[in-house]
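Enquirer: I'd like to ask you about the structure that follows.
All of the numbers you see were taken from the coordinates with simple rules; none came from a lab. These figures come from a predicted structure and were not determined experimentally. Quick reminder, even Gly has a Cβ in these numbers, built from the backbone with ideal geometry, and neighbours come from all protein chains shown.
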Amino acid sequence: MTFRARTLIIAAVLVAAAVLYSARLNRVPPFLSTDETAFALQAHAIVTTAHDENGRFLPLYFQVFENVWFHPALVYCLAPVLAVVRPMPCWRTIGSNAPHARDDPRLIYLSSGLPRIKDHWRLYLLSRGRRDLVKRTVLFTQQDLQLAFVKPGSLLLTGFDDPVERSFLKMEAVRVAAHVTEWDGSPSFTIFERTAWTGLYRFDGTYPVKVTVPCSPGGVHDACASLATTASCPSLETITVTNSLVLDSCGYLKQAAITDDGRYTGVVTNYGIAVKGMFATTGTFRLSGSGVSGGSHYDFTFLLTKRN
C-alpha cells in the first residue's frame, strides 16, 4: 500500500469518526449525569479560582464525592472548555424568568425531588457568574415549604406533572410562570411564581391518624380488600397539612385542599370512595365516608388529632 493510499484511508476514518461523533450533539446526552456534573463543577472551580471545590490548589487528584477520588485529566481538559462555553442551555428559560438583581431579597426554590437538581443548578449559576444566587437558592419538599413566608414574585421549580406540580396547581398562592422544555418540545420542568395571595394557613401542621374500615361483602363471591400495610402503616399513619394541602404519609387519601374554613373533601386511594369532614385547629376530629368498591361496602373513618 502506497503512502498516498494510507493517508487517504486515515483521513477517511477521521472524517467518518468526526461525522458520527458530532451528529445530534444538540440532543445527546439529554441531561448531565451525576458524574458529569461533578467533574464540571470541579473544572469550573479550577478555571475561575485555580482551586478545586474543596479549596485545594491545583490538586493532583480530585475528591469528586465524599470517599471517591479521580485522576486529574478529565478536570484539567474540561477546564479550558468551560472558560469559553456555558453549559446547560436548558436553563435559559429559568434565567429569563429570574432576573434577580444582586440586591433582590427574593429566593429561588427548587423541589428536592428532582434528580441531581442541586448540582445542575449550581453549575448553571457559577457558569454565569451568579455565585450570589447559590446562597439564595432553597431546596424544598412539600412537607417543609411554607408559602406564607415566600415573598411574592419568588420562583419555584418543580418537575412537570410530578406530585409537587400537581399540588401547586391547586393553590392560589402560586401560578404557572413558564415551562422548561426538552429539545423535542416535551415539557420537563414547570416554573411557578409566588402570587400576592395572603390567605391564612390555619390548619397547617401534623395530625396522627387512627383509621378504621368496617366492610360488608356484597355477595357470596365478593371479598373485602384490606388497606395496604407496611411497617409504619396504618399504625403510624400521619396526615401533614402544608399550605392547606392534605398529604397522607400512607397514601390512603389522595391529595386534596382544605378550604379557608377547614372543609375537606377527598377520595380514598384505590377505592374511589369520597371522604369528608371539617379540620380543627385543636383536639380530635374525624373524616369519614362510605361507599361501594369492588362489590363490597366500606365505611372509612379517619380519626385525626392535632399535634402541638
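Enquirer: Return the FRET efficiency for the residue pair residue 228, residue 202: r is the Cβ-Cβ distance, R0 is 35 Å, and the value is rounded to the nearest 0.05. Before the final figure, lay out each step's value.
Expert: On the way: r = 31 Å, r/R0 = 0.89.
Approximately 0.65, to the nearest 0.05.
Enquirer: Give me 268, 19 ranked fewest to most by other Cβ atoms within 10 Å of their Cβ, as a rough exposure proxy.
Expert: Details: 268 23, 19 9.
Lowest to highest Cβ neighbour count: 19, 268.
Enquirer: I've got another one for you. Of 35, 261, 103, how do they rank once you tally other Cβ atoms within 10 Å and put the fewest first?
Expert: Working: 35 13, 261 9, 103 6.
By the 10 Å Cβ count, ascending, the order reads 103, 261, 35.
Enquirer: When a/c reaches 1.5 or more, the comparison of a/b and b/c decides; with that in mind, is the stretch 26-85 rounded, prolate or oblate per its Cα gyration tensor?
Expert: Details: a/c = 2.21, a/b = 1.34, b/c = 1.65.
Because a/c hits 1.5 or more and a/b fails to exceed b/c, the stretch 26-85 counts as oblate.
Enquirer: GNM, the chain, Cα, under 10 Å: largest mean-square fluctuation among 186, 226, 235?
Expert: For the chain, modelled as a Gaussian network with Cα springs under 10 Å, the answer is 226.
Enquirer: Of 217, 152, 234, which has the largest mean-square fluctuation in a 10 Å C-alpha GNM of the chain?
Expert: 217
Enquirer: In whole Hz, with x marking every Gly and Pro, tabulate ³J(HN,Hα) for the stretch 50-59 from phi via Karplus 6.51 cos²θ - 1.76 cosθ + 1.60, θ = phi - 60°.
Expert: 6, 10, 7, 4, 9, x, 7, 7, 5, x
Enquirer: Next question, about the same structure. Can you check how the C-alpha radius of gyration of the chain compares to 2.2 N^0.38 Å, as a plain ratio? It would help to have the intermediate numbers written out before the result.
Expert: Numbers: Rg = 26.7 Å, N = 308, 2.2 N^0.38 = 19.4 Å.
That works out to 1.38 for the chain.
Enquirer: I've got another one for you. Mind checking which of 64, 213, 85 has the largest fluctuation in a GNM of the chain, springs on alpha carbons under 10 Å?
Expert: Highest fluctuation of the listed residues: 85.
Enquirer: Could you list the trypsin sites (Lys or Arg not before Pro) in the stretch 113-190 that lie in coil according to DSSP, counting only those with at most 10 other Cβ atoms within 10 Å of their Cβ? Display every interim value, and only then the final one.
Expert: Numbers: sites: 116, 118, 122, 128, 130, 131, 135, 136, 166, 170, 175; in loops: 116, 128, 130, 135, 136, 170.
For trypsin sites (Lys or Arg not before Pro) across the stretch 113-190 that sit outside H, G, I, E and B with at most 10 neighbouring Cβ atoms in 10 Å, the list reads 135.
Enquirer: Can you flag which of 210/306; 254/276; 170/210; 170/276; 276/306 are past 20 Å Cα-Cα? Each step should come with its number before you reach the end.
Expert: Details: 210/306 12 Å; 254/276 12 Å; 170/210 27 Å; 170/276 18 Å; 276/306 17 Å.
From 210/306; 254/276; 170/210; 170/276; 276/306, over 20 Å: 170/210.
Enquirer: Give the long-range amide H neighbours of residue 256: residues separated by 5 or more places, or on another chain, with amide H under 5 Å away, using H modelled in the peptide plane at 1.01 Å from N.
Expert: Placed amide hydrogens put 246 under 5 Å from residue 256.
Enquirer: Find the eigenvalues of the gyration tensor of the Cα atoms of the stretch 110-205, then list the square roots of 5 times those eigenvalues as equivalent ellipsoid semi-axes, largest first, in whole angstrom. Could you put the intermediate results ahead of the total?
Expert: Details: eigenvalues 107, 57, 31 Å².
Result for the stretch 110-205: semi-axes of 23, 17, 12 Å.
Enquirer: Could you work out how far the C-alpha centroid of the stretch 277-305 sits from that of the stretch 193-245, in angstrom?
Expert: Computed from Cα coordinates, the inter-centre distance equals 9 Å.
Enquirer: Charges at C-beta only: +1 for Lys and Arg, -1 for Asp and Glu. How large is the resulting dipole of the chain about its Cα centre, in Debye rounded to 20? Spell out each step's value before the answer.
Expert: On the way: 30 positive and 24 negative charges, 156 e Å.
Here the size comes out at about 740 debye.
Enquirer: For every helix of n ≥ 4 consecutive DSSP H residues, a contribution of -39,500 (n - 2.57) applies; sum these over the chain, divide by its total residues, and give [θ] at 222 nm rounded to the nearest 500 deg cm²/dmol.
Expert: Details: 6 runs with 69 residues, N = 308.
Counting only the DSSP helices, I get -7000 deg cm²/dmol.
Enquirer: Give me, ordered by chain and number, the residues 5 or more places off residue 189 or on other chains with an amide H under 5 Å from its own placed amide H.
Expert: So residue 189 has HN proximity to 160, 180.
Enquirer: When a/c is below 1.5 the answer is rounded, else prolate if a/b is larger than b/c, else oblate, so apply that to the stretch 170-299 with a ≥ b ≥ c taken from the square roots of the Cα gyration tensor eigenvalues.
Expert: Values: a/c = 2.40, a/b = 1.50, b/c = 1.60.
In terms of gyration-tensor shape, oblate.
Enquirer: Ranked by Cβ crowding within 10 angstrom, fewest neighbours first, how are 168, 57 ordered? Mind showing how you got there, number by number?
Expert: Details: 168 23, 57 9.
By the 10 Å Cβ count, ascending: 57, 168.
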